[in-house]
Amino acid sequence: MEEKEDEEDSSPEEYFARCSFTGSDSDQLTFSSGDRLLVHVKTSSDWWWAELRGVKGYAPASHLRQGATIEGATEEEEDASLEDPWQDEEYFGSYGTLRLHLEMLSDKSRTEAYQQVVLSNSASLRSKVVMDLGCGTGIISLFCAQLAQPSVVYAVEASSMAEYTRQLVKQNGCEEVVTVLQGRAEDIELPEQVDILVSEWMGNCLLFEFMVESVLLARDRWLREGGVMWPSSAALTLVPCQANSYFAEKMAFWEQPYGLDFTPLQPLAQQEFFTKPKFSHLIEPDDCLSTPCDVIFLDMYTLKVKDLEEIEGQFQFCVKKSGFFHGFTAWFTVSFESLGEEGAAVELNTGPESEPTHWKQTLFMLDRPVSVHTGDSISGSVLLRRNPIWRRHMTVTLHWKINSSKQETDNCQVGTKSFPMWR
Ligand code: 6LC
């Protein structure tokens with residue numbers, strides 16, 4: 001397909017993506033549901049020459065519609081628009097069963113980090129008012145009650161697990177201290193402000209699920225002036241990496257299964273396995289092609305809900321070993337500040353140098369591997385863009401530029417790829 005620059009009119013039309021689309025070559029745009037596109041030329045009935053955030057390319061006409069509202073939507077889309085953009089029924093429904101709680105409680109690094117911060121700060125927790133947002137089975141609240149002497153812990157839980165949490169509190173003799181409140185943190189009323197707001201809100205790639213929004217709203221409403229947030233800050237870390245076995249398993253596989261050439265399936269494989277990030281990847285420290293770099297830092301005291309719409313970070317990596325650059329791996333770290341002189345700070349790091357957690361790491365595969373050498377640099381940016389419709393989802397866009405340290409090779413390569421998580 002050739003570019004249509006010369007035919008462009010001066011007033012492009014505004015369209016919105018009815019669903020996400022991943023371009024299969026550099027001529028095509030990649031966008032997420034709800035994205036605003038400017039259509040310059042209606043090249044054919046199927047493909048339009050359009051623009052998204054300054055980048056031009058073809059977009060499938062069937063994926064676009066005029067107007068962000070449900071006007072002009074098909075019946076099917078109207079139904080979708082009646083759906084809760086937070087998908088709370090499904091979300092809290094899944095936390096009403098044991099599967100996820102078992103996974104979280106079995107994660108010792110995670111659970112013991114919270115236990116440790118309570119224990120190391122037990123003296124300062126004395127007589128304090130605590131809110132545990134999204135308490136689940138109540139483990140953090142129970143740590144507070146058993147390891148310290150807070151005056152009260154408000155354990156807030158929206159799912160039906162709250163009924164059991166109440167029983168667990170009783171069963172463990174903590175009912176004098178822990179008050180279980182069933183409801184969304186956004187809706188509950190407390191009799192007082194709190195000194196400490198503790199929550200385990202982190203999702204894959206830190207923000208997925210966007211439970212952090214509930215934490216920020218609760219902070220602004222219920223945390224007293226000078227109160228403490230646990231965690232107090234969070235960072236997202238990125239590293240360019242090789243992923244030889246994943247690449248072999250999903251892509252190279254088609255080259256010679258049983259001595260046959262199945263390579264025509266590779267574009268399909270790419271679409272199926274590399275379009276979305278791979279959650280639950282465990283990267284070997286050896287697969288890191290350079291020293292990891294913190295790309296995004298969130299201060300839990302100053303972060304605002306509206307900041308969550310778009311968060312951007314920059315990176316500059318120096319390749320420390322030659323190999324195949326298959327993609328980027330991301331993970332996060334959260335820090336808990338100490339409550340005072342006698343307390344201690346605690347960190348929960350979900351990276352490859354720490355004990356694996358249930359979050360593991362998130363792998364973003366490039367469309368094709370690039371061979372890199374010691375001394376090359378990989379610079380660029382990462383953008384986390386919250387889905388404007390599905391509020392628990394986001395798209396991660398990576399831009400990279402590889403500068404080769406070798407004079408003879410074509411010494412600069414650029415790339416960009418967007419990964420919906422999940423819509
Ligand atoms: C924690 C999730 C728990 O927090 C789970 O039990 C869920 O029902 C609860 N939760 C999430 N959002 C709210 C809210 N707004 N109000 C009350 N309870 C809530 C683990 N999930 C992650 N760390 N991602």
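Table for the structure above
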read-out	value
Hey, residue 91 open to solvent by 20 Å² or more (accessible area, probe 1.4 Å), within 13 Å of the ligand (Cβ to nearest atom) and either among the hydroxyl-bearing types (Ser, Thr, Tyr) or assigned by TED's automatic domain parsing to the domain that holds residue 280 (or both) or not	yes
Residue identified as open to solvent by less than 20 Å² (accessible area, probe 1.4 Å) and among the acidic types (Asp, Glu) among 157, 163, 192	157
Test result for residue 343, crowded, with 18+ Cβ neighbours inside 10 Å and more than 30 Å from residue 267 (Cβ to Cβ)	yes
Members of the stretch 192-223 found to be under 23 Å from residue 306 (Cβ atoms), touching a residue at least 24 places away in the same chain (Cβ under 8 Å) and charged (D, E, K, R), listed by number	209, 213, 219
Condition met for residue 247 (farther than 21 Å from residue 397 by Cβ and without any contact (Cβ under 8 Å) to a residue 12 or more places away in the chain)	no
Residue pairs meeting the criteria (Cβ under 8 Å; at least 6 apart or on separate chains; first touching a residue at least 24 places away in the same chain (Cβ under 8 Å), in the stretch 363-382; second in a strand (DSSP E or B) and among the hydroxyl-bearing types (Ser, Thr, Tyr))	363/329; 364/329; 382/397
Condition broken by residue 189, with the remaining ones in (1) part of a loop (DSSP other than H, G, I, E, B); (2) within 15 Å of the ligand (Cβ to nearest atom); (3) touching a residue at least 24 places away in the same chain (Cβ under 8 Å) satisfied	(3)
Members of the stretch 228-238 found to be assigned to a strand (DSSP E or B) and of a type in the set (Ser, Thr, Tyr), listed by number	233, 237
Positions within the stretch 108-132 being open to solvent by 10 Å² or more (accessible area, probe 1.4 Å) and within 12 Å of the ligand (Cβ to nearest atom), in sequence order	110, 111
Residue ID - most open to solvent (accessible area, probe 1.4 Å), chosen from residues in the stretch 166-186 that are within 11 Å of the ligand (Cβ to nearest atom) and assigned to a loop (DSSP other than H, G, I, E, B)	184
Flag for residue 224 being away from the ligand (no atom under 12 Å from the Cβ) and not assigned by TED's automatic domain parsing to the domain that holds residue 95	yes
Residues being within 11 Å of the ligand (Cβ to nearest atom), outside any loop (DSSP other than H, G, I, E, B) and buried (at least 21 other Cβ atoms within 10 Å of the Cβ) - total across the stretch 195-211	2
Matching option when the condition is in a loop (DSSP other than H, G, I, E, B) and small (Gly, Ala, Ser), among 415, 340, 380	340
Single condition residue 151 does not satisfy, out of (1) closer than 20 Å to residue 119 by Cα; (2) hydroxyl-bearing (Ser, Thr, Tyr); (3) under 31 Å from the mean Cα position of the chain (by Cα); (4) open to solvent by 50 Å² or more (accessible area, probe 1.4 Å)	(3)
Qualifying residue in the stretch 241-256 (condition: surrounded by 22 or more Cβ atoms within 10 Å (Cβ to Cβ), under 19 Å from residue 421 (Cβ atoms) and touching a strand residue (DSSP E or B) at 6+ places or on another chain (Cβ under 7 Å))	yes
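The values are calculated or read from the model by the stated rules, or taken from the named source; none is laboratory data. Remember, it's a predicted structure, so these values are computed and weren't measured experimentally. Note: ideal-geometry Cβ built from the backbone for every residue, glycine included; neighbour counts use all protein chains shown. These accessible areas exclude ligands, DNA and RNA; they are computed on the full protein's heavy atoms, side chains included. Shrake-Rupley method; radii C 1.70, N 1.55, O 1.52, S 1.80 Å.
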